[in-house]
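Take a look at the structure below.
All of the numbers you see were taken from the coordinates with simple rules; none came from a lab. Computed from a predicted structure; not experimentally measured. Please note: Cβ atoms are built from the backbone with ideal geometry, for glycine as well, and neighbour counts cover all protein chains shown.
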Amino acid sequence: ETGVTQSPTHLIKTRGQQVTLRCSSQSGHNTVSWYQQALGQGPQFIFQYYREEENGRGNFPPRFSGLQFPNYSSELNVNALELDDSALYLCASSLLTGNQPQHFGDGTRLSIL
Amino acid sequence: RKEVEQDPGPFNVPEGATVAFNCTYSNSASQSFFWYRQDCRKEPKLLMSVYSSGNEDGRFTAQLNRASQYISLLIRDSKLSDSATYLCVVNRGYGGATNKLIFGTGTLLAVQP
């Protein structure tokens with residue numbers, strides 16, 4: 001069984017730039033959720049994708065956007081990067097049915113200079 | 001007030017000790033509950049789901065009290081390898097609705113030799 005994989009592992013950007021993070025879901029999972037984890041905090045829900053549509057969103061501005069592809073992989077795009085966007089970005093996949101636990105990828109550590 | 005509250009710790013305990021973590025959640029519509037473990041600079045990993053009847057997995061016991069909106073995790077016979085941050089997690093979605101995980105800030109456990 002293939003787990004959740006994310007790329008890249010680390011990324012350094014400057015303020016105002018744009019970034020795209022990628023996630024491949026675990027085999028058989030149809031739902032992908034993205035979380036942001038700042039240092040010393042628990043992960044915060046950004047949004048979720050199911051059947052290529054956004055299926056719920058947390059308190060993040062529109063410059064955070066995403067996509068899901070027919071193979072259930074997903075991208076997180078962040079425009080106009082700010083210093084506070086520095087964080088670990090986690091992707092989790094699951095089945096949408098019932099209250100299934102979510103399984104996380106290794107994350108992408110994004111640093112904004 | 002945060003939706004999921006945990007004591008951030010750190011909890012410093014000797015090997016072999018029993019340690020208990022507590023967590024409260026504020027949204028009574030929460031549907032499912034989990035404990036995740038997160039090692040330093042790694043992704044959260046599912047430790048166990050939490051059920052109203054209580055459940056045990058080896059040295060780990062989890063309890064849920066829906067009336068009090070309270071979740072607990074008990075670790076018996078602590079090992080050095082148990083040192084990590086333990087995240088209390090609540091799922092506020094169900095079925096076709098958003099399967100959204102709400103995380104506490106985590107409790108840091110350091111098991112000392």
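Computed from the Cα positions only, the extents of chain A along the three principal axes stand at 39, 25, 25 Å, in decreasing order.
If one puts a single equal scatterer on every Cα of the protein assembly as shown and applies the Debye formula without solvent, what log₁₀ I(q)/I(0) results at q = 0.08, 0.12, 0.13, 0.14 Å⁻¹? The calculated log intensity ratios at q = 0.08, 0.12, 0.13, 0.14 Å⁻¹ are -0.29, -0.65, -0.76, -0.88. Along chain B, the longest continuous region that contains none of the trypsin sites (Lys or Arg not before Pro) in a DSSP loop with at most 12 other C-beta atoms within 10 Å is B:2-40. In the distance distribution for the stretch B:48-113, Cα-Cα pairs more than 17 Å apart total 52 percent.
Averaged over the residues of B:43-53, the number of partner chain Cβ atoms lying within 10 Å of the residue Cβ comes to 3. For chain B, a Gaussian network of Cα nodes joined below 10 Å ranks B:Val13, B:Val89, B:Val50 by mean-square fluctuation, and the top entry is B:Val13.
Dipole magnitude for the stretch B:25-113: computed about the Cα centre from +1 point charges on Lys and Arg Cβ and -1 point charges on Asp and Glu Cβ, it is near 180 debye. Annotation: amide H-H contacts under 5 Å for B:Leu109 (H modelled 1.01 Å from N, sequence separation of 5 or more, or interchain): B:Phe11, B:Ala84, B:Thr85, B:Tyr86.
Give me the net charge for the shell around A:Leu83: Cβ to Cβ below 12 angstrom, other residues only, Lys and Arg +1, Asp and Glu -1. Intermediate results must be reported in sequence, preceding the final value.
On the way: positive: A:Lys13, A:Arg15; negative: A:Glu82, A:Asp84, A:Asp85.
Result for the local shell: -1.
Label-to-label distance for B:Lys2 and A:Ser65 is 3.2 nm, based on points extended 7 Å past Cα in the beta-carbon direction.
Kirkwood Rh over Cα pairs of the stretch A:1-64 into Stokes-Einstein at 20 °C, 1.002 mPa s: D in µm²/s? In µm²/s, the coefficient rounds to 158. Taking label points 7 Å from Cα along the Cα-to-Cβ direction, A:Asn79 and A:Lys13 give a separation of 1.2 nm. Computed over chain B, the P(r) curve from all C-alpha pair distances, binned at 10 Å from the origin, holds 15, 48, 30, 7, 1 percent per bin. Using θ = phi - 60° in the Karplus curve 6.51 cos²θ - 1.76 cosθ + 1.60, the 3J(HN,Hα) couplings for the stretch A:33-41 round to 10, 10, 9, 10, 10, 7, 4, x, 10 Hz; x is entered for Gly and Pro. For B:Lys2, a cut-off of 27 angstrom between C-alpha atoms picks up these lysines, skipping any fewer than 8 places away in its own chain: B:Lys42, B:Lys45, B:Lys100.
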